[in-house]
Amino acid sequence: MSVSRQQGWTCFLVNQLACPGVGTIMAGRRVTGFAQAGVMIVGFCATLAYGLMYLSAVYKWVLDARATQVMHPPAWLGIGGFALCGVAWFWSLFSSFQILHESRRHQSV
C-alpha cells in the first residue's frame, strides 16, 4: 500500500508520539505494526508493574513501624520493561523513516 507524503508524516508522528506500531499499521504494514505495538505494550505493562510494586513496597515500609528496609521489586522487571519500550520505539522510528522514504518515492511530481 502506497501512502501520500502527508499520510507518511501522520504515520511518523503517530509512531513516535502516540504508540509505536500504530502508525506502521496505518501505513498498511500490519504484521510489523502489530509486532511493534505488542512489544511496546508488554514493555509498558512490565514497567508499570515494577512501579506499582515499588510504590506498594514503600507504602508498606512507611506504614509498618517494625520494618527496617524496603523490599524492592525485581530490578529485571523495570529494566526489561523499559528496554522493551525503547526497542519498540526505535523499531518504529526505523519503520517511520522507511514509510517516509517510500512516500517520497511514490509522490506525484
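Observations on the structure shown:
- Single residue of segment 44-60 satisfying the filter (open to solvent by 100 Å² or more (accessible area, probe 1.4 Å) and not aliphatic (A, V, I, L, M)) that is farthest from A88 (Cα to Cα): K60
- All told, R30 falls short of being loosely packed, with under 14 Cβ neighbours inside 10 Å, farther than 16 Å from A83 by Cβ, in contact (Cβ under 8 Å) with a residue 40 or more places away in the chain and not hydrophobic (A, V, I, L, M, F, W, C).
- Entry remark, segment 71-84: residues being surrounded by 12 or more Cβ atoms within 10 Å (Cβ to Cβ) and closer than 17 Å to L52 by Cα number 9 in total.
- Restricting attention to segment 33-43, the residues that are in contact (Cβ under 8 Å) with a residue 24 or more places away in the chain and either among the hydroxyl-bearing types (S, T, Y) or open to solvent by 60 Å² or more (accessible area, probe 1.4 Å) (or both) add up to 1.
- Selection status of Q7, surrounded by 15 or more Cβ atoms within 10 Å (Cβ to Cβ) and of a type outside the set (D, E): yes
- Out of L13, L100, L63, L17, one residue alone is touching a Phe, Trp or Tyr at 6+ places or on another chain (Cβ under 9 Å) and either open to solvent by 30 Å² or more (accessible area, probe 1.4 Å) or of a type in the set (A, V, I, L, M) (or both). It is L100.
The values are calculated or read from the model by the stated rules, or taken from the named source; none is laboratory data. Source: prediction; values computed, not measured. A quick note on method: Cβ atoms are made from the backbone with ideal geometry, for glycine too, and the neighbour counts reach across all protein chains shown. Areas reflect the complete protein model, heavy atoms only, side chains present, ligands, DNA and RNA absent. Shrake-Rupley method; radii C 1.70, N 1.55, O 1.52, S 1.80 Å.
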